[in-house]
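Asks: This is the structure I want to talk about, given as structure tokens.
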Amino acid sequence: MSRYNSIVILTGAGLSAESGLHTFRDKDGIWAKYDYREVATPEGYKRNPKLVLQFYNERRKQNADVQPNAAHLALARLEAEYPGGVLIVTQNIDPLHEMAGSKKLVHMHGEIMKALCAACATRHALHDDITLKSVCPSCGRTGVLRPDVVWFGELPYEMERIYRAILGCDLFISIGTSGTVYPAAGFVEEALRVGAHTVELNLEPSHGISRFIDAIHGPATEVVPAYVERLLKRARS
Ligand code: BJW
């Protein structure tokens, strides 16, 4: 294992699975219970806003009770102790990375603990339910707040910052993601293009496995702390 100057880490739902949050595409995943077209598209929201708000209100309540696991904690330790740059790009809308202490973090698919005003585009911290009667604290309009999450067909957050980091990285690590949702699924190609080492840490081989130079398969709470330990040890030697 070499020393790296700049590490980009892409995380997905598998990282939070052992904290008690469901993934999307596993057998007992969220998309086995809900049709994504109904709850995770702007069109679904237009058709039935009440259903979509209820779906995210329930998930917000689940998120309020969870704690970061050993994998989130190991990634926060990596950022604090690694002598090079470390950026986490998470597809997860849960707050577990920041609860673990990560600071250099992009929530590319938004955050469940925030509301977005569809009228004035401001984002607000949120702990309560959003309803059709909720009022935007910025513009004062009623019925315009929605969950601050990125649905299919919408542009993920901070794409320029993400691509800049990937194009400057020499290690790209993908953790707990099936590699089926773009643009995140394409990041590994970009990293390969600039000559970065690419590593997958996942329960099982993902859809994008052929693009990873290295892979370690197992539960995130085991493989992530072990991999972080190796990176830190290598950097110290
Ligand atoms: C464990 C574990 C354990 C389990 N330990 N591991 C190119 C080709 C085809 C289509 C497209 C394309 N480009 C764009 C599209 C359209 C679309 C798309 O990708 N569709 C595909 C489904 C085909 N993409 C979009 O619409 C995106 N926007 C976009 O592209 O804008 C245009 C644009 C962007 C940039 C540049 C130029 C143009 C937006 C996508 C938004 C996704 N939103 C969701 C919902 C968010 C809110 C919510 O949470 O409800 O985001 S969908 C859902 O999937 C969620 C996730 O973040 C995302 C990824 O899922 P993830 O994290 O990979 O979870 P799973 O369940 O799939 O996988 C879990 C993995 O963990 C598995 O592998 C397990 O084995 C593993 N695991 N337990 C370790 N203990």
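The values are calculated or read from the model by the stated rules, or taken from the named source; none is laboratory data. In this text, all values refer to a predicted model and were calculated from it rather than measured experimentally. Don't worry about glycine lacking a Cβ; one is built from the backbone with ideal geometry, like all the others, and counts go over all protein chains shown. Please note that ligands, DNA and RNA were not included when accessible areas were found on the heavy atoms of the full protein model with its side chains. Shrake-Rupley method; radii C 1.70, N 1.55, O 1.52, S 1.80 Å.
Asks: For 182, 36, 45, give me the order by solvent-accessible area with a 1.4 Å probe, most accessible first, ignoring ligands, DNA and RNA.
Replies: Largest to smallest exposure gives the sequence 182, 36, 45.
Asks: Which lysines, if any, have their Cα less than 22 Å from the Cα of residue 33, not counting same-chain residues under 8 positions apart?
Replies: Partners found: 46, 50, 61.
Asks: Rounded to the nearest 0.05, what FRET efficiency do residue 233 and residue 54 have when you use their Cβ-Cβ distance and R0 = 45 Å?
Replies: So, using R0 = 45 Å, E works out to roughly 0.40.
Asks: If the cut-off is 23 Å between C-alpha atoms, which lysines fall inside it for residue 233, apart from same-chain ones fewer than 8 positions away?
Replies: Qualifying lysines at Cα under 23 Å: 103, 104.
Asks: When ligands, DNA and RNA are left out and all protein chains stay put, how many square angstrom of accessible area per residue does the chain have with a 1.4 Å probe?
Replies: 49
Asks: Kindly identify the stretch 176-237 as rounded, prolate or oblate by the Cα gyration tensor criterion: order the square roots of the eigenvalues as a ≥ b ≥ c, call it rounded if a/c is under 1.5, otherwise compare a/b with b/c, prolate if a/b is larger, else oblate.
Replies: oblate
Asks: Rounded, prolate or oblate: pick one for the stretch 65-147, where a ≥ b ≥ c are the square roots of the eigenvalues of its C-alpha gyration tensor, a/c under 1.5 means rounded, and failing that, prolate if a/b is larger than b/c, else oblate.
Replies: prolate
Asks: Kindly state, to the nearest 0.05, the FRET efficiency for residue 81 paired with residue 139, given R0 = 41 Å and r defined as their beta-carbon distance.
Replies: Approximately 0.40, to the nearest 0.05.
Asks: Using 11 Å as the cut-off for backbone N distance, which residues of the stretch 91-113 belong to the label zone defined by a point 7 Å from the Cα of residue 154 along Cα→Cβ?
Replies: Backbone N within reach: 109-112.
Asks: Further question: Quick check: residue separation of residue 124 and residue 161 times 0.36 nm, minus the Cα distance between them. What number comes out in nm?
Replies: Length gained between residue 124 and residue 161: 11.2 nm.
Asks: Oh, and also: So in the chain, which Cys have no other cysteine's beta-carbon sitting under 4.7 angstrom from theirs?
Replies: Lacking a cysteine Cβ partner under 4.7 Å: 169.
Asks: Please give the Cα centre distance for the stretch 61-110 versus the stretch 193-237, rounded to the nearest Å.
Replies: About 16 Å separates the Cα centre of the stretch 61-110 from the one of the stretch 193-237.
Asks: If we sort 57-64, 16-23 on the protection proxy, mean other Cβ atoms within 10 Å, highest first, what's the order?
Replies: Going by the mean number of other Cβ atoms within 10 Å, highest first, we get 16-23, 57-64.
Asks: Could you rank 233, 103 by how accessible they are, 1.4 Å probe, largest area first?
Replies: Output order, biggest surface exposure first: 103, 233.
Asks: Is the shape of the stretch 123-212 rounded, prolate or oblate, going by the alpha carbon gyration tensor and its root eigenvalues a ≥ b ≥ c, with a/c under 1.5 for rounded and a/b larger than b/c for prolate?
Replies: Cα axes put the stretch 123-212 in the prolate bin.
Asks: Moving on to the next point. Relative contact order of the stretch 6-55: what whole-number percent is it, with Cα pairs under 8 angstrom and at least 6 residues apart?
Replies: 16
Asks: Under 16 Å from the Cα of residue 27, which aspartates and glutamates turn up, not counting those fewer than eight places away in the same chain?
Replies: Filter leaves 18, 35, 204.
Asks: Summing -39500 (n - 2.57) over the DSSP H runs of n ≥ 4 in the chain and dividing by its residue number, what mean residue ellipticity at 222 nm do you reach, to the nearest 500 deg cm²/dmol?
Replies: Calculated from helices alone, the mean residue ellipticity at 222 nm is -10000 deg cm²/dmol.
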